[in-house]
1. Give the Cα extents of the stretch 152-215 along the principal axes, in whole Å, largest first.
2. If we restrict to alpha carbons, what Rg and Dmax does the stretch 317-390 come to, in Å?
3. For the ranges 86-95, 296-305, 223-232, what's the packing order if you count other beta-carbon atoms within 10 Å of each residue, average per peptide, and put the highest first?
4. Averaging over every viewing direction, what projected area does the convex hull of the Cα atoms of the stretch 157-293 cover, in nm²?
5. Given the convex hull over the Cα atoms of the stretch 345-385, what projected area results after averaging over all orientations, in nm²?
6. Please express the Cα-Cα pair-distance distribution P(r) of the stretch 44-202 as a list of whole percents, one per 5 Å bin, running from 0 to the bin with the greatest distance.
7. Would you please classify the overall shape of the stretch 221-262 from the alpha carbon gyration tensor, given that a ≥ b ≥ c denote the square roots of the eigenvalues, rounded means a/c under 1.5, and beyond that prolate means a/b larger than b/c while oblate covers the rest?
8. Let me know the Rg and Dmax you get for the stretch 133-175 when you use only its Cα atoms, in Å.
Ligand code: FAS
Ligand code: PHB
């Protein structure tokens, strides 16, 4: 079998890349290790930047997002019982939209299913060969039968634990990593959110986040030590800890209920360089990971995909290699900007081992500076809403 581009992974990065290329008549095959339902069952990101929405519109999958997405003009940050609202619209004229990654994935899957493009779910033992030459081959097993697909290029969109980055010879890649000694315990609950906008809270017991998926469905997180197990966190314990970490008003308005999903996400900062190895390109979590504090993970994946799609379209339509040659450096500039912001936001909002009395005063000073300085608040608004000056 042969195609133009094999995309590994049917998460948001792989599906969005497939759509953007499909719209230019470029043939792709997506190989996904899990079932469609398993991919849709993951509860991940919740906040979309304007740039991501523009890409989804370009991909022709933003209709439901436009109807159901919740446009937010700002967010609130709480510190030891106080809360301050950052009005992005007033500060820099931009907004963000709350629309779950699950819904983005659903919309992309539905569009792909309605097209002639091929997706193989539950593709096992995916392996990559020949991407350092001119005729890459991707092999996989489906229902016990081995298959091989010859292609022009491979897009590794298979997440942090995928096979693509692992297929690159270690000496050809540099990695940069910081693993945080805590994770986020997240709960989904069929209750109205505690506030119309997100509340990021720094409490001496630890970080908490109040988010949502719709006017009737909320998403909450509390920071927990690394190694914690979901089974050690019955709902009552979760609600008690979340209440403790919120200001009085939010704590009183909080509507609790039975969790419909509960999971713990580890936090790390990670970047692999470069993002191109011959005819293999990495995009999304396959190439980098950010702590979710800055709501960048999904948006960064979309940003990579937009750049990679433009480069591949330019190659097929104009025969130019310029975009492909520039992809890694262009994408990495945006990646490191998001890594910096996500690390900074994580460091000012979480209880870190080094958050001694001095560290806590520094966190307080950061909060006060954000509240008092329009330029500091505007810089925060630019990073959070995804303005990249690269
Ligand atoms: P994904 O990991 O979403 O998709 C990769 C796909 O490749 C998966 O479907 C996987 O099954 C498949 N795959 C893996 N190995 C394969 C193989 N060998 N063969 C074939 N397929 C293979 N970001 C936020 O902004 N906010 C959040 O709150 C947030 N929470 C998160 C919680 C968790 C537990 C995780 C892991 C990430 C979270 N993220 C969050 C980040 C997340 O949203 C990612 O940035 C986003 O999923 C990136 O999309 P992809 O790059 O497509 O990777
Ligand atoms: C979410 O709604 O899941 C969410 C929102 C903002 C973040 C992280 C997660 O920074």
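1. In descending order, the Cα extents are 48, 32, 16 Å.
2. That works out to 17.5, 59 Å for Rg and Dmax.
3. On the way: 86-95: 15.9, 296-305: 26.8, 223-232: 13.4.
Most protected by this proxy first, the peptides run 296-305, 86-95, 223-232.
4. Working: hull surface 38.7 nm².
Answer in nm², one decimal: 9.7.
5. Details: hull surface 11.5 nm².
Average projection, Cα convex hull of the stretch 345-385: 2.9 nm².
6. All Cα pairs, binned at 5 Å, distribute as 2, 6, 10, 13, 14, 14, 14, 11, 7, 5, 3, 1, 0 percent.
7. Details: a/c = 2.77, a/b = 1.51, b/c = 1.83.
Verdict is oblate for the stretch 221-262.
8. 12.4, 36
Any read-out appearing in this document is the output of simple, stated calculations on the displayed coordinates, not a laboratory observation. Because the structure is predicted, anything quoted here is derived from the model rather than measured. Here Cβ is always computed from backbone atoms with ideal geometry, including for glycine, and neighbour counts include all displayed protein chains.
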